[in-house]
1. Identify all residues within the stretch 61-102 that are buried (at least 19 other Cβ atoms within 10 Å of the Cβ), within 14 Å of ALA38 (Cα to Cα) and not β-branched (Val, Ile, Thr); write none if there are none.
2. Hey, can you tell me all the residues within the stretch 1-51 that are among the charged types (D, E, K, R) and without any contact (Cβ under 8 Å) to a residue 60 or more places away in the chain?
3. Restricting the stretch 44-60 to residues that are under 14 Å from the mean Cα position of the chain (by Cα) and loosely packed, with under 14 Cβ neighbours inside 10 Å, which is modelled with the lowest pLDDT?
4. Has the stretch 33-43 got at least one residue that is crowded, with 18+ Cβ neighbours inside 10 Å, part of a loop (DSSP other than H, G, I, E, B) and either at pLDDT 95 or above or within 10 Å of the chain's Cα centre (by Cα) (or both)?
Amino acid sequence: MAFARDAVAVEPEAASIAASEGWLLLEFGAPWCGHCIAAQPVLQTLVDGHALAHVKVEDGKGRPLGRAFRVKLWPTVVLLQDGQERARVVRPRSSDDLRPLEAALEQGQMGI
């Protein structure tokens, strides 16, 4: 799959995310957020190295999907498999920060 450079035009509904199949990386943030901008290179490396969909969601006050996932800081990155959360990281800065996501992907590929 491809790394999403921009947020989706229409925020997905929580029900469609829960019904998704396969691996999905949800990234919550804002285009002007410095932490979000700084995280892009490491997130792109993760997405480019695995078979997973990447959806970037612009979050903010009153955005239901971010509230459904209890997002408090940006970026919050949530890894889902078949609609179920497997791992999350908040404000990743380096590949070391993405280890929980990598571990979940490895476990999922081994069928654990």
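The values are calculated or read from the model by the stated rules, or taken from the named source; none is laboratory data. All values derive from a computational prediction rather than experimental measurement. Backbone-built Cβ (ideal geometry, glycine too); neighbour counts: all protein chains shown.
1. Of everything in the stretch 61-102, those that are buried (at least 19 other Cβ atoms within 10 Å of the Cβ), within 14 Å of ALA38 (Cα to Cα) and not β-branched (Val, Ile, Thr) turn out to be TRP74, PRO75, PRO92, LEU98.
2. Of all residues in the stretch 1-51, those among the charged types (D, E, K, R) come to 5-6, 11, 13, 21, 27, 48.
Hits for the stretch 1-51 are ARG5, ASP6, GLU11, GLU13, GLU27, ASP48.
3. At the first step, the residues of the stretch 44-60 found to be under 14 Å from the mean Cα position of the chain (by Cα) are 44-48, 50-59.
In the following step, the residues that additionally are loosely packed, with under 14 Cβ neighbours inside 10 Å were identified as 45, 48, 51.
Values: THR45: 96, ASP48: 95, ALA51: 90.
Across the stretch 44-60, the extreme among qualifying residues is ALA51.
4. no
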